[in-house]
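Asker: Okay, here's the structure, questions in a sec.
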Amino acid sequence: MGNIFKNKSKNSLSPVKLSSPHLLAIEGMKKSEIEELLNRADHFANLDKHSNTKILSGYVVLNVFFENSTRTRVSFELAARRLGAEVINISLINSSIKKGESLLDTASTLNAMRPDLLIVRHPHSGAPLLFADYLNCSIINAGDGRHEHPTQALLDALTIRRRVGFLEGLKISICGDIANSRVARSNIHLLTTMGAEVRCVAPPTLMPSSLENLGVKCFYKMKEGIKDADVVMLLRLQNERMSGTENPSEREYFKFFGLDENKLSFANSNAVIMHPGPMNRGVEIASILADDTNRSLIKTQVEMGVAVRMSIIEALNYTK
Ligand code: NCD
């Protein structure tokens, strides 16, 4: 790959119609649908934040989070508000679960509030699917257990596409705690669908089995896994989903799997760095690389999150 700094925009002026009223996973999505959502998100990303995008007036969005979140929750809220929707944030971390309410009862309570869209993050894989089965509104999965985090993969794709110009044929290395990462799973589905060459790099304890069936190559050494890569995507060690023995120590992890200048020198000389956040400096990534405004796209990822979520919320309203 030669110079990959192209910054091509593929603006789309019309809303996207999807084949499903929900966004539960990237797995199963068509390449054309992903492309159209990214084109429309490109349009929103190019707009001034004061542009009149208030096309969803009267549309009610419930932002229901059963797990902590800062960037994803705020990003969805901003996206919905920029489209003119009414947004209600509901934090259910431990609350209704601790009080003994079943997920089905929570679903039926939320349904009685007659939302148009429910955005749900839940520690258990499959919870958004259950909500989709029991509620009369659209559902967006904002991250379910180790399963999927579809909007993160879409915003990552938009970030890469705006910087590089395309996804097909790019060598993309996803490094770190693959086993516990819904971000990795959604990205693997999206990037392989779009024709990128995806590599996963992790210690054996954090590499899920049968990953190769998803069309990726697995590596257990950073220097081999990121050799000639165009994009190096890092993942947080998701200690909250580990049983305790998967990772010896943060210091040792950084030595073997943390991205530093030496390991990065094996990648393409133009390679860009990504991380979904929250990042741990000195564990997954050296501070100097996280702050390298030339190579690190971490802040652009956050910015693109709002544009991508606008395109999805608009599409679901258009699809129902
Ligand atoms: C990710 C998540 O929640 O899965 N964060 C995010 O949404 N930006 C990744 C993580 O928690 O490490």
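No value in this document is a laboratory result; all are computed from the given coordinates. Since this is a predicted model, take the numbers as computed values, not measurements. Glycine gets a Cβ as well: all are built from the backbone with ideal geometry, and neighbour counts include every protein chain shown.
Asker: Please turn the phi angles of segment 151-168 into ³J(HN,Hα) values with the Karplus equation 6.51 cos²θ - 1.76 cosθ + 1.60 (θ = phi - 60°), one per residue in order, whole Hz, x for glycine and proline.
Answerer: Computed from phi, the couplings for segment 151-168 are 5, 5, 5, 5, 5, 5, 5, 5, 4, 5, 4, 5, 7, 9, x, 7, 10, 4 Hz.
Asker: Another question about this same structure. Which percent, nearest 5, of DSSP beta bridges in the chain are antiparallel?
Answerer: Expressed as a percentage, antiparallel bridges in the chain total about 5.
Asker: Would you tally the net charge around H124, using a Cβ to Cβ cut-off of less than 14 Å, leaving H124 out, and scoring K and R as +1, D and E as -1?
Answerer: Surrounding charge for H124 is 0.
Asker: Moving on. Quantify how much of the Cα-Cα distance distribution of segment 262-320 extends past 13 Å, in percent.
Answerer: 68 percent
Asker: So how much slack lies between D228 and K99, counting 0.36 nm per residue of separation and subtracting their Cα-Cα distance, in nm?
Answerer: So the extension gain works out to 41.3 nm.
Asker: Considering just Cα atoms, how many Å³ per residue does the convex hull of segment 1-135 enclose?
Answerer: Looking at segment 1-135, the number lands at 152 Å³ per residue.
Asker: Let me spell out the model: positive unit charges on the Cβ of Lys and Arg, negative unit charges on the Cβ of Asp and Glu, origin at the Cα centre of segment 54-140. What dipole size does that give, in debye rounded to 20?
Answerer: For segment 54-140, the charge dipole is close to 320 debye.
Asker: For a protection proxy built on the mean count of beta-carbon atoms within 10 angstrom, sort 13-25, 113-125, 167-179 highest first, please. Present the calculation step by step, with values, prior to reporting the outcome.
Answerer: Numbers: 13-25: 16.8, 113-125: 20.7, 167-179: 22.8.
By packing density, highest mean first, the sequence is 167-179, 113-125, 13-25.
Asker: Here is a further query. Can you give me the C-alpha center-to-center distance between segment 227-262 and segment 21-57, rounded to a whole angstrom?
Answerer: That distance is 31 Å.
Asker: Applying a 10 Å radius around every beta-carbon, put 196-206, 257-267 in order of their mean neighbour count, most first.
Answerer: Per-residue Cβ counts within 10 Å, averaged per peptide and sorted highest first, yield 196-206, 257-267.
Asker: Can you tell me the mean projection area, over all orientations, of the convex hull of segment 138-224's alpha carbons? Units nm², please.
Answerer: 6.1 nm²
Asker: Quote the FRET efficiency, to the nearest 0.05, computed for N136 versus S91 with a Förster distance R0 of 22 Å and r equal to the Cβ-Cβ distance. Write down the numbers at each step before the final one.
Answerer: Numbers: r = 23 Å, r/R0 = 1.05.
With R0 = 22 Å, the Cβ-Cβ based efficiency is 0.45.
Asker: Follow-up question, since we're still on this one. Could you state the number of Å between the C-alpha centres of segment 108-172 and segment 61-100?
Answerer: Value for the Cα centre distance between the two parts: 13 Å.
Asker: Which length gain, in nm to one decimal place, applies between S32 and S243 when the Cα-Cα distance is subtracted from 0.36 nm times their residue separation? Each step should come with its number before you reach the end.
Answerer: Details: separation 211, 0.36 × 211 = 75.96 nm, distance 3.94 nm.
So the extension gain works out to 72.0 nm.
Asker: Any chance you could list P(r) for the chain, counting all Cα-Cα pairs in 10 angstrom bins from zero, rounded to whole %?
Answerer: Result returned by the calculation: 6, 28, 34, 23, 8, 1.
Asker: Could you compute how fast segment 203-269 diffuses translationally, taking Rh as the Kirkwood radius over C-alpha pairs and applying Stokes-Einstein at 20 °C with viscosity 1.002 mPa s? Give it in µm² per second.
Answerer: Translational diffusion coefficient: 161 µm²/s.
Asker: I've got another one for you. Please determine, in degrees from 0 to 90 and to the nearest 10, the orientation of helix 71-82 with respect to the longest principal axis defined by the Cα atoms of the chain, where the helix direction is its Cα long axis.
Answerer: Helix 71-82 sits roughly 50 degrees off the main axis of the chain.
Asker: Same structure again: If Lys and Arg each add +1 and Asp and Glu each add -1, what is the summed charge of the other residues whose beta carbon sits under 10 Å from the beta carbon of V198? Don't jump to the answer; show the numbers that get you there.
Answerer: Numbers: positive: K171, R199, K217; negative: E197.
Once positives and negatives cancel, what remains is +2.
Asker: For the chain, what is the mean residue ellipticity at 222 nm derived from helices alone (per DSSP H run of n ≥ 4: -39500 (n - 2.57); sum divided by total residues; nearest 500 deg cm²/dmol)?
Answerer: -11000 deg cm²/dmol, from helical runs alone.
Asker: Now, a different point. What spacing in nm lies between the two simple spin-label points modelled at N52 and I288, each 7 Å away from Cα in the Cβ direction?
Answerer: 5.1 nm
Asker: Straight-line reach from K217: which lysines have a Cα under 24 Å away, not including same-chain ones fewer than 8 places off?
Answerer: Hits, sequence-local ones excluded: K30, K31, K171, K227, K255, K263.
Asker: What number comes out for the charge environment of K320, summing +1 per Lys or Arg and -1 per Asp or Glu over other residues with Cβ under 11 Å away?
Answerer: Taking every Cβ under 11 Å from that of K320, the sum is 0.
Asker: Further question on the same structure: Express as a percent, rounded to the nearest 5, the fraction of DSSP beta bridges in segment 137-248 (both residues included) that run antiparallel.
Answerer: The antiparallel proportion sits near 10 percent.
Asker: Further, regarding this structure: Amide H neighbours of E148 under 5 Å, at least 5 residues apart or on other chains, H built in the peptide plane: list them.
Answerer: When sequence neighbours closer than 5 places are left aside, there are no close amide H contacts.
Asker: Report, to the nearest 10°, how far helix 103-112 tilts away from the longest principal axis of the Cα atoms in the chain, using its own Cα long axis and a range of 0 to 90°.
Answerer: 50 degrees
Asker: Shifting gears a bit: Just to be sure I understand: if I project the alpha-carbon convex hull of segment 207-311 onto a plane and average over all orientations, what area do I get in nm²? Walk me through the numbers before you get to the answer.
Answerer: On the way: hull surface 32.0 nm².
Average of the hull's projected areas for segment 207-311 equals 8.0 nm².
Asker: If you count, for each residue, the other Cβ atoms within 10 Å and average over each peptide, how do 295-308, 225-238, 243-256 line up from highest to lowest?
Answerer: On the way: 295-308: 21.0, 225-238: 22.5, 243-256: 12.0.
Ranking, from highest mean packing down: 225-238, 295-308, 243-256.
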